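The values are calculated or read from the model by the stated rules, or taken from the named source; none is laboratory data. Because the structure is predicted, anything quoted here is derived from the model rather than measured. Cβ atoms come from the backbone with ideal geometry, glycine included; neighbour counts cover every protein chain shown. To get the accessible areas, we keep the full protein, side chains included, count just its heavy atoms, and leave off ligands, DNA and RNA. Shrake-Rupley method; radii C 1.70, N 1.55, O 1.52, S 1.80 Å.
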Amino acid sequence: MLACLRLLPLAVLLGCAGTLVPAPEARRVPGLRDAAVAEDAGVEIIAVANAWRGFPPDLEGAVTPLLVTLTNRGGRALELRYEHFSLVSPGGVYYSALPPFQIHDTVYAPVDTVYPAGFGLAPYLSPWYPGWSVWGGPFPYRGGYYDSYGTAFQRVALPSGDMVEKALPEGVLSPGGRITGYLYFEHVEDARRIDFVAHLVDGGTGEEFGAVEVPFVVD
């Protein structure tokens, strides 16, 4: 039986971050939703928004994850450090890429339960019970009661194992190399447009030799 807990506001539990989508002028990637690509000096980067598939499911409530694939077709080794990546607003506000091991936050996730047979879930609870069958008839929300109580959630301390495992690691990408992983940025707030910026730094000399920019808008 699910325990009843004092319920935090739904916006807190499910996150209130805006959704990133490629800007109209971005170069899209055919067949890959919410993805855009750009390149400079032989380095191609595909950046994919809304791609997080892992635990906790509501990671966007704490950070802004972006899935990136870097392909080095140039002649220089590419140094990958989190400090070389950022999200930048038109007003010059920088949102830094956070080292996964140094992310200290808490989000909420539904408690694991067994899917019941022959049961239709109240429609307004569907975000909290992914995979459950939803009742197709009328089942109105009664705010007078549910504003005070709700279903069980567990506090999840970050970083989770999935966050660390799926992160883009720091290191050096040799010519001809390719790597994919998530970057976790500071929570984007109060911005209608944001540019993903990757500074290209030589892995041998430390010299910056270019930059890749991918424009997004906050929906």
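Things worth noting here:
- Subset of the stretch 89-106 that is open to solvent by less than 20 Å² (accessible area, probe 1.4 Å) and not in a loop (DSSP other than H, G, I, E, B) - its residue that is modelled with the highest pLDDT: A97
- Residues considered: A109, A157, A152, A122. Of these, the only one that is open to solvent by 50 Å² or more (accessible area, probe 1.4 Å) and at pLDDT below 85 is A157.
- Count of residues meeting criterion [under 25 Å from the mean Cα position of the chain (by Cα) and surrounded by fewer than 18 Cβ atoms within 10 Å (Cβ to Cβ)] in the stretch 198-214: 3
- For the stretch 158-171, a tally of residues being part of a strand (DSSP E or B) and touching a Leu at 6+ places or on another chain (Cβ under 7 Å) returns 1.
- Residue count for the stretch 14-49, restricted to those that are under 16 Å from H187 (Cα atoms) and open to solvent by 30 Å² or more (accessible area, probe 1.4 Å): 6.
- Total residues in the stretch 1-48, condition at pLDDT below 95 and either acidic (D, E) or assigned to a loop (DSSP other than H, G, I, E, B) (or both): 16
- Taking the conditions (1) closer than 27 Å to D162 by Cβ; (2) touching a strand residue (DSSP E or B) at 6+ places or on another chain (Cβ under 8 Å); (3) open to solvent by 20 Å² or more (accessible area, probe 1.4 Å) in turn, W52 satisfies each one other than (3).
- Residue selected from the stretch 174-206 under the condition part of a strand (DSSP E or B) and among the acidic types (D, E), by the criterion farthest from A77 (Cα to Cα): D195
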